[in-house]
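What follows is a single structure, written as structure tokens, with notes after it.
The values are calculated or read from the model by the stated rules, or taken from the named source; none is laboratory data. On a predicted model such as this, the values are computed, not experimentally measured, just so you know. Areas reflect the complete protein model, heavy atoms only, side chains present, ligands, DNA and RNA absent. Shrake-Rupley method; radii C 1.70, N 1.55, O 1.52, S 1.80 Å.
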Amino acid sequence: METIELNTTQNVSLQFPVASIADRILAFFFDAVFMGLYSILVGVFLSGWLGLETWGIVFLFSPLFFYHLIFEIFFNGQSPGKRIMNIRVFKADGSQLTAGRCFIRWIFRLADITFTSGALATLIIIINGKGQRLGDIAAGTTVLKTGKKNTFQQTLWMDVEEDYQPRFPEAERLTDKDVQTIKEVVQITKDPNRRPDNYIELLSNTRQAIEQKTQTSSRMSDLDYLTTMIKDYNACHQASR
């Protein structure tokens with residue numbers, strides 16, 4: 001599976017799998033089903049029940065035209081179909097996805113998908129190799145495979161002894177995303193099959209970012225420090241679980 005490297009908010013480079021064409025096609029069909037169900041609801045039930053004039057029916061159908069734009073802006077780069085397939089639109093540089101980028105992607109859907117039945121999008125994605133159709137290239141975005149939401153929450157936590165005393169109580173200042181990033185870095189650098197060539201720098205950069213945020217310091221090794229931070233974060237939040 002193709003992967004792409006993104007920089008997190010802690011300036012740490014991580015690799016994520018690019019969404020496959022099959023994933024994107026299935027997401028498209030799921031969205032088409034939802035759009036079809038909405039059309040039936042509006043066309044058969046609401047318009048007849050409310051006795052709307054032509055302009056009223058057009059108004060009720062208008063959300064379908066903006067379907068993908070609305071969902072990608074307000075639901076963090078995911079339409080319902082993308083959510084089912086666990087794929088999401090990201091900015092290619094790892095920064096926050098903006099409404100402007102989503103709008104550019106949406107405009108290019110006409111050429112990528114609507115007018116060519118998806119053939120152009122499929123061709124460009126295959127040639128590009130970075131999960132990008134024309135709209136993504138123009139918007140500087142890509143579509144990546146993500147884990148299920150509950151998987152994120154499950155992998156965030158670790159068992160901590162009841163009498164464990166955090167070495168760094170400042171770990172409480174971290175967010176779930178911070179801890180998830182730390183855990184991904186630790187897992188990658190521990191696995192010799194996935195370990196990047198710059199893993200020492202990766203550990204160091206992650207540690208520096210966490211030290212700066214928590215205002216902590218230690219003589220522990222980078223790996224031990226980050227592992228302890230994960231454990232301390234869990235200990236600080238154990239009571240709320």
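Couple of notes before you dig in:
- Residue ranking by accessible heavy-atom surface, 1.4 Å probe, largest first, among PHE59, PHE45 comes out as PHE59, PHE45.
- Note on the range 82-123: Cα-Cα pairs beyond 14 Å make up 61% of the total pair count.
- Across the range 106-114, computed HN-Hα scalar couplings (Karplus, 6.51 cos²θ - 1.76 cosθ + 1.60, θ = phi - 60°) run 5, 4, 6, 4, 4, 7, 5, 10, 4 Hz from first to last residue, x flagging Gly and Pro.
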